1. Just to be sure I understand, how many residues within region B:42-52 are in a strand (DSSP E or B) and acidic (Asp, Glu)?
2. Please find, within region A:96-108, the residue that is farthest from the chain's Cα centre (by Cα) out of those that are surrounded by 13 or more Cβ atoms within 10 Å (Cβ to Cβ) and not charged (D, E, K, R).
3. Please go through region B:1-44 and give me each residue that is in contact with a Cys (Cβ under 7 Å, 6 or more places away or on another chain) and aliphatic (A, V, I, L, M), ordered by number.
4. Does region A:5-23 include one or more residues that are modelled with pLDDT under 95, in a strand (DSSP E or B), surrounded by 13 or more Cβ atoms within 10 Å (Cβ to Cβ) and within 11 Å of another protein chain (Cβ to nearest Cβ)?
5. Of the residues A:65, A:29, which is in contact with a Ser or Thr (Cβ under 6 Å, 6 or more places away or on another chain), aromatic (Phe, Trp, Tyr) and either farther than 22 Å from residue A:93 by Cα or in contact (Cβ under 8 Å) with a residue 12 or more places away in the chain (or both)?
6. Which ones in region A:40-66 are hydrophobic (A, V, I, L, M, F, W, C) and under 13 Å from residue A:2 (Cα atoms)?
7. I'm trying to understand the selection: among the residues of region A:32-42, which are more than 8 Å from chain B (Cβ to nearest Cβ) and either more than 19 Å from residue B:67 (Cβ to Cβ) or at pLDDT below 90 (or both)?
8. For residues that are under 16 Å from the mean Cα position of the chain (by Cα) and assigned to a loop (DSSP other than H, G, I, E, B), scanning just region B:74-95, find the one that is surrounded by the fewest Cβ atoms within 10 Å (Cβ to Cβ).
Number of protein chains: 2
Amino acid sequence: MALEIERKFLIDIDKLPILANGYDIKQGYIQTKDKTAVRVRVKGDEAFLTIKGESVGATRLEYEYAIPVVDANEMLDMLCGKPIIDKTRYLLKHKNHLWEIDIFHKENEGLIVAEVELESEDESVELPEWIVKEVTEDARYYNSNLLEHPYSQWG
Amino acid sequence: MALEIERKFLIDIDKLPILANGYDIKQGYIQTKDKTAVRVRVKGDEAFLTIKGESVGATRLEYEYAIPVVDANEMLDMLCGKPIIDKTRYLLKHKNHLWEIDIFHKENEGLIVAEVELESEDESVELPEWIVKEVTEDARYYNSNLLEHPYSQWG
């Protein structure tokens, strides 16, 4: 059983250390009827097709497969809901954890979130001083929901 | 660009030659909002995740990736719409083409279809004498539609 356990936070960008070595991520979703997500992602010069089950707290089933970048770009163009999510990801080590800082562009310009992946739901995480608020269970911040309700329209 | 061009037919089972070496196929679909299909298939001891675009005539975009059987069985159990399609497939060579004969079970018991894959939409196919009627463009016969409207309920 492949399980993804991930917590998501809003951050205070003024307190962040300088970020370096970011890479572009473009991702889209084949629109599903239920809470299962089918994600197509191009990440630098790699691409992945990912199936995620419904979130229960910070946990969800996840199956991820590397696919050819040319396939992923075609699927983003022709099969995924629009707009495609475009963000730059930076990795930041803090104590024992690796944080992913996602800076969104285009329709989600202004949105910045930090995610940390855990081994179990009750694993303790020492929160960096730049963390403002946890939004793990706030569905508005799911990438799959940022398509229909991009951050720039939250008002 | 990966394109699948396939014609589908109903057959007269009494005229079929004896079938041998069939293998079981179990497949399910992650239910999508539009005409894109996300199929999980276990075929003998192999498994595949397949993304198919909307059909236009006999043609549709198709992307297929081999995945671990254990993943596919979990996805069939936990993420796919029910019922799962269960069929036995036999391969039959006729003149220059390889035909797939699918004999459905359970909710679709009684349904038998033959499919032939082509290089182009206008490729000519010599139809075997056991072909009764073409149903390529009849959406009721799409495997993805047999979930919500299984053959046993067509009445």
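The values are calculated or read from the model by the stated rules, or taken from the named source; none is laboratory data. Keep in mind the model is a prediction, meaning the values are calculated, not measured. So basically every Cβ, Gly included, is an ideal-geometry build from the backbone, and we count neighbours across all protein chains shown.
1. Going through region B:42-52, the residues in a strand (DSSP E or B) turn out to be B:42-43, B:46-52.
Add one more test, that the residue is acidic (Asp, Glu), and what stays is B:46.
The total comes to 1.
2. Across region A:96-108, the extreme among qualifying residues is A:97.
3. Once the filter is applied, which keeps residues that are in contact with a Cys (Cβ under 7 Å, 6 or more places away or on another chain) and aliphatic (A, V, I, L, M), region B:1-44 yields B:30, B:40.
4. Checking region A:5-23: not a single residue is modelled with pLDDT under 95, in a strand (DSSP E or B), surrounded by 13 or more Cβ atoms within 10 Å (Cβ to Cβ) and within 11 Å of another protein chain (Cβ to nearest Cβ).
5. Details: A:65 fails: in contact with a Ser or Thr (Cβ under 6 Å, 6 or more places away or on another chain).
Exactly one of A:65, A:29 is in contact with a Ser or Thr (Cβ under 6 Å, 6 or more places away or on another chain), aromatic (Phe, Trp, Tyr) and either farther than 22 Å from residue A:93 by Cα or in contact (Cβ under 8 Å) with a residue 12 or more places away in the chain (or both), namely A:29.
6. So in region A:40-66, the residues hydrophobic (A, V, I, L, M, F, W, C) come out as A:40, A:42, A:47-49, A:51, A:56, A:58, A:61, A:66.
Selection gives A:51, A:61.
7. Those that are more than 8 Å from chain B (Cβ to nearest Cβ) and either more than 19 Å from residue B:67 (Cβ to Cβ) or at pLDDT below 90 (or both): A:35, A:42.
8. Among those residues, the one meeting the criterion is B:83.
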